[in-house]
Ligand code: HMG
Ligand code: MG
């Protein structure tokens, strides 16, 4: 039997958050309903952040209320603070994510906090989620390179990963936010993180700015990772990281994994249809706002 690798679909959130044109809520719902038929177990569909910071994600509650929830699929949302957590819970998100960084410059630009402050802010979110029985995922951005601070020390990623695990995160998604990682820097980073976490608690989140996301996924597979985030149509970027263009495309990851002999359980035709829908929503070509 081929070994299973999971793709965590983040297109409706990471893929769309950077689009400048307000995308109609109905279009987001239609995309998610298509993705729900593709065989994903987890789809990130919303972000309960400040609408002043990311206006595109302001309709998260309407999105979650409007989708047709497929059995066996968990619909996830980002929550930067308790206010976001309360909104996500009211909208019945199945799981939430707290999102920090391994570099001070990006942490400040993205969530207006130092790394230490952000971890203090995440603690009550994780605590509330535990009390409510809602799984918490943790993201770490800029795991190899930061647009503000340059290369990231692998030890810093391990330190933040350890803190997020201690807060109760069931999995840590390691983000190459600006797609500057290489198989060598990704491997060095992973070796440090694997000192504090087993590979089955880690996921790779690669943006494809440098065209190396698939190579970085292969390097991660070699070290035992079996979960990768991706966005249909290769949409995406972070508004607070200039140069953070598309997430690696789900269809490209699925094809590469199949070629390597892994099973994803995804329906290629449904993914292709969703990728067409996602690309039709795109207005900007890696258009970025300044932080
Ligand atoms: P702040 O300005 O320091 O927060 O922002 P504040 O507490 O002073 O609040 C400012 C205003 O926002 C207030 O409203 C709050 O009520 C409101 P006002 O009183 O001015 O009318 N507010 C909220 N409203 C709704 N929901 C909330 C919320 N929180 C505050 N949850 C804050 C701090 C964290 C809120 C802000 O910096 C923020 O929202 N940042 C999010 C940025 C973001 O979403 N970035 C993209 C996602 S991360 C990413 O893409 C990376 C990833 O993909 C991995 C990778 O690739 O590396 C995950
Ligand atoms: Mg991202």
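The values are calculated or read from the model by the stated rules, or taken from the named source; none is laboratory data. What you see is a predicted model, and the numbers here were worked out from it, not measured in a lab. A quick note on method: Cβ atoms are made from the backbone with ideal geometry, for glycine too, and the neighbour counts reach across all protein chains shown.
Given (1) within 16 Å of ligand 2 (Cβ to nearest atom); (2) crowded, with 22+ Cβ neighbours inside 10 Å; (3) at pLDDT 95 or above, where does residue 56 come up short, assuming only one miss?
(2)
How about the stretch 137-160: which of its residues are farther than 23 Å from residue 215 by Cα and either in contact with a strand residue (DSSP E or B) (Cβ under 6 Å, 6 or more places away or on another chain) or in a strand (DSSP E or B) (or both)?
Hits for the stretch 137-160 are 137, 138, 160.
Restricting to the stretch 86-108, name every residue that is within 8 Å of ligand 1 (Cβ to nearest atom) and in contact with a helix residue (DSSP H, G or I) (Cβ under 7 Å, 6 or more places away or on another chain).
Across the stretch 86-108, the qualifying residues are 87, 101.
Take the residues of the stretch 192-232 that are touching a strand residue (DSSP E or B) at 6+ places or on another chain (Cβ under 6 Å) and in a helix (DSSP H, G or I): which is surrounded by the fewest Cβ atoms within 10 Å (Cβ to Cβ)?
So, considering only residues that are touching a strand residue (DSSP E or B) at 6+ places or on another chain (Cβ under 6 Å) and in a helix (DSSP H, G or I), the one surrounded by the fewest Cβ atoms within 10 Å (Cβ to Cβ) is 201.
Please find, among 245, 185, the residue that is over 14 Å from residue 10 (Cβ atoms), touching a strand residue (DSSP E or B) at 6+ places or on another chain (Cβ under 8 Å) and in a helix (DSSP H, G or I).
185 is the lone residue from the list that is over 14 Å from residue 10 (Cβ atoms), touching a strand residue (DSSP E or B) at 6+ places or on another chain (Cβ under 8 Å) and in a helix (DSSP H, G or I).
Would you be able to say whether some residue in the stretch 77-88 is within 30 Å of residue 34 (Cα to Cα), at pLDDT 95 or above, surrounded by 24 or more Cβ atoms within 10 Å (Cβ to Cβ) and away from ligand 2 (no atom under 16 Å from the Cβ)?
yes
Please tell me if residue 21 is in a loop (DSSP other than H, G, I, E, B), at pLDDT 95 or above, surrounded by fewer than 22 Cβ atoms within 10 Å (Cβ to Cβ) and over 15 Å from the mean Cα position of the chain (by Cα).
Here the answer is no, as residue 21 does not meet what is asked.
From the set of residues in the stretch 167-180 that are away from ligand 1 (no atom under 11 Å from the Cβ) and either at positive phi or not in a strand (DSSP E or B) (or both), which is surrounded by the most Cβ atoms within 10 Å (Cβ to Cβ)?
169
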